[in-house]
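Asker: Dumping the structure here so I can ask a few things about it.
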Amino acid sequence: MKDLIRQKIAISDEIASSLKKQLQLELHSSNSYLSMAAWCDIKGYTNSAGFFYKQSEEEREHMLKIYKYLIKMGVQPSVPASKEATLDFDSVRSAFEEALNTEIAVTESIHRIYSQCRMANDFATEEFMRWFVNEQMEEESTARDILALFDNFGSDATSLMLVDERIKEITA
Ligand SMILES: [Fe+2]
């Protein structure tokens with residue numbers, strides 16, 4: 001019986017379950033970024049909004065990447081429900097701080113799955129997750145670079161507009 005299941009499903013229940021949870025996390029990140037984009041758009045921080053819209057699309061792509069991997073390995077994933085994203089922010093800086101915190105939480109989850117794969121000798125999923133490990137390193141680094149701009153320029157209205165201009169260069 002076990003061999004028949006193995007013929008159809010190439011990964012363990014535990015790893016499949018972790019990947020399904022990751023789907024939800026990626027979707028939540030996508031929705032959070034969309035919410036940050038809307039807030040920045042309304043407040044006139046056009047380039048910050050552009051950055052967040054792009055991030056939102058990327059997070060959805062991450063979700064799809066995992067979704068398709070599960071299907072490839074014989075697991076039928078359900079469409080995950082995302083919890084409500086934050087709608088309001090104290091400042092444009094606090095939106096970027098929340099973005100970094102979201103990325104850190106995603107990194108921790110990716111690392112947990114990566115280490116789970118190692119312990120289970122699931123070499124295929126470990127290899128698949130390597131891309132996400134590198135991606136998270138880049139995402140965190142970009143968020144930190146943007147937060148450094150706020151430290152360097154200050155937080156008066158003119159400075160915030162200058163930071164918004166620089167974000168266009170960072171994300172070009
Ligand atoms: Fe992601």
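Asker: Along the charge dipole of the chain, which of ASN31, SER12, ASN134 sits closest to the positive end, that is, farthest toward it, with unit charges on the beta carbon of Lys, Arg, Asp and Glu (+1, +1, -1, -1)?
Answerer: Projecting each Cα onto the dipole axis, the largest value belongs to SER12.
Asker: Toward the positive end of the charge dipole of the chain, about the Cα centre and with charges on Cβ (Lys, Arg +1; Asp, Glu -1), which of GLY154, CYS117, ALA95 goes farthest?
Answerer: Value: CYS117.
Asker: Turning to a different aspect of this structure: Run the helix sum for the chain: -39,500 (n - 2.57) per DSSP H stretch of 4+ residues, divided by residue count, reported at 222 nm to the nearest 500 deg cm²/dmol.
Answerer: Details: 6 runs with 138 residues, N = 172.
Computed ellipticity for the chain at 222 nm equals -28000 deg cm²/dmol.
Asker: What does the extension gain come out to for THR171 and LYS54, with contour length at 0.36 nm per residue minus their alpha carbon separation? All intermediate terms of the calculation are to be shown ahead of the outcome.
Answerer: Numbers: separation 117, 0.36 × 117 = 42.12 nm, distance 0.93 nm.
Result: 41.2 nm gained on full extension.
Asker: May I ask you to derive the relative contact order of the chain, considering only C-alpha pairs under 8 Å and at least 6 residues apart, and to give it as an integer percent? Display every interim value, and only then the final one.
Answerer: On the way: 159 pairs, mean separation 44.7, N = 172.
It rounds to 26 percent for the chain.
Asker: For the chain, please report how many Lys pairs fall under 25 Å Cα to Cα, leaving out neighbours fewer than 8 apart on the same chain.
Answerer: Lysine pairs meeting both conditions in the chain amount to 28.
Asker: I've got another one for you. Could you sort the peptides 102-112, 7-17 by per-residue average Cβ neighbour count (10 Å cutoff), highest mean leading? Please list the in-between numbers first.
Answerer: Numbers: 102-112: 17.0, 7-17: 14.6.
Ranked from most to least packed, the peptides come out as 102-112, 7-17.
Asker: Additional query: Any idea what the dipole of the stretch 20-118 comes to, in debye rounded to 20, about its Cα centre with Lys/Arg Cβ at +1 and Asp/Glu Cβ at -1? Write down the numbers at each step before the final one.
Answerer: Numbers: 12 positive and 13 negative charges, 124 e Å.
Dipole size: approximately 600 debye.
Asker: For PHE123 and SER78, calculate 0.36 nm times their separation in residues minus their Cα-Cα distance, and state this gained length in nm to one decimal.
Answerer: Working: separation 45, 0.36 × 45 = 16.20 nm, distance 2.42 nm.
Result for the pair: 13.8 nm of gain on full extension.
Asker: What is the list of residues in the stretch 40-78 whose amide nitrogen lies under 16 Å from a point 7 angstrom out from the Cα of LEU147, following Cα to Cβ?
Answerer: No residue qualifies, since no backbone N sits under 16 Å from the label point.
Asker: State to the nearest 20 debye the size of the charge dipole of the chain about its Cα centre, where the only charges are +1 on K and R beta carbons and -1 on D and E beta carbons.
Answerer: Dipole about the Cα centre, nearest 20: 900 debye.
Asker: Follow-up. What nm distance separates the two modelled labels at LEU100 and GLU61, each placed 7 Å from Cα along Cα→Cβ?
Answerer: 2.4 nm
Asker: What are the GluC sites (Glu not before Pro) within the stretch 17-85 that DSSP puts in a loop, where the Cβ has at most 10 other Cβ atoms within 10 Å? Can you show the working numbers first?
Answerer: Values: sites: GLU26, GLU57, GLU58, GLU59, GLU61, GLU84; in loops: GLU84.
Counting only loop positions with at most 10 other Cβ atoms within 10 Å, the GluC sites (Glu not before Pro) in the stretch 17-85 are GLU84.
Asker: Average projected area of the Cα convex hull of the stretch 39-108, in nm²? Walk me through the numbers on the way to the answer.
Answerer: Working: hull surface 22.2 nm².
Projected over every direction and averaged, the Cα hull of the stretch 39-108 covers 5.6 nm².
Every number here is computed from the coordinates shown, using simple stated rules; none is lab data. Keep in mind that this is a model prediction, so the values were computed, not measured. Every residue, glycine among them, receives a Cβ derived from its backbone with ideal geometry; neighbour counts consider all protein chains shown.
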